[in-house]
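Worksheet: one structure, shown below.
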Amino acid sequence: MDHFHRIEYRRRKADGALDLEQVEEVQDHGWYIKKGDDWRRRYTLECAYDFLARTETEAGTFAITVWRGEARVCTVGMDWRPTNG
């Protein structure tokens, strides 16, 4: 089964606009382990924390959208505050 997803990280600017800052493409079926919006949001946030830490992304507010082909799986907002160490 095909589990390719595109995760888009859009940074919120001071004027409220969202700029596409980073894109991650993954082969992952984690969004389908459990049913429901709460699970998809929680799983997306865990993926985002991991990705933003690995890419040493600066702090900010993001809208994160997960796509599977042309279908939007979910969109979540998060305030990213990296930890030191």
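The values are calculated or read from the model by the stated rules, or taken from the named source; none is laboratory data. Everything numeric here is computed off the predicted structure, so don't read it as measured data. Counting neighbours? That spans all protein chains shown, and the Cβs are built from the backbone with ideal geometry, glycine included.
Odds and ends about this structure:
- When region 37-52 is filtered for residues that are among the hydrophobic types (A, V, I, L, M, F, W, C) and modelled with pLDDT under 95, the ones remaining, listed by number, are Trp39, Cys47.
- Whichever residue in region 19-52 is crowded, with 16+ Cβ neighbours inside 10 Å and of a type in the set (A, V, I, L, M, F, W, C) and, among such residues, is farthest from Thr83 (Cα to Cα): Trp31
- Single residue of Arg10, Arg72 found to be surrounded by 15 or more Cβ atoms within 10 Å (Cβ to Cβ), part of a strand (DSSP E or B) and charged (D, E, K, R): Arg10
- In the set Thr83, Thr61, Thr75, only one residue is modelled with pLDDT under 95 and not hydrophobic (A, V, I, L, M, F, W, C); that residue is Thr83.
Listed here are the residues, each with its yes/no results for (1) modelled with pLDDT of 95 or more; (2) not basic (Lys, Arg).
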| position | (1), (2) |
| --- | --- |
| Ile7 | yes, yes |
| Ala17 | yes, yes |
| Val23 | yes, yes |
| Gln27 | no, yes |
| Lys34 | no, no |
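- Of the criteria (1) out of contact with any Phe, Trp or Tyr (no Cβ under 8 Å at 6 or more places or on another chain); (2) within 18 Å of Val23 (Cβ to Cβ); (3) β-branched (Val, Ile, Thr), which one Thr83 fails: (2)
- First in region 27-47 and without any contact (Cβ under 8 Å) to a residue 60 or more places away in the chain and under 13 Å from Arg68 (Cα atoms), second anywhere and in a helix (DSSP H, G or I) and of a type in the set (D, E, K, R), Cβ under 8 Å, 6 or more apart: Trp31/Arg40
A quick yes/no check of all residues on (1) of a type outside the set (Asp, Glu); (2) part of a loop (DSSP other than H, G, I, E, B); (3) within 16 Å of Met78 (Cα to Cα):
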| residue | (1), (2), (3) |
| --- | --- |
| Asp19 | no, no, yes |
| Val26 | yes, no, no |
| Trp31 | yes, no, no |
| Lys34 | yes, yes, no |
| Leu45 | yes, no, yes |
| Ala48 | yes, no, yes |
| Ala53 | yes, no, yes |
| Thr65 | yes, no, yes |
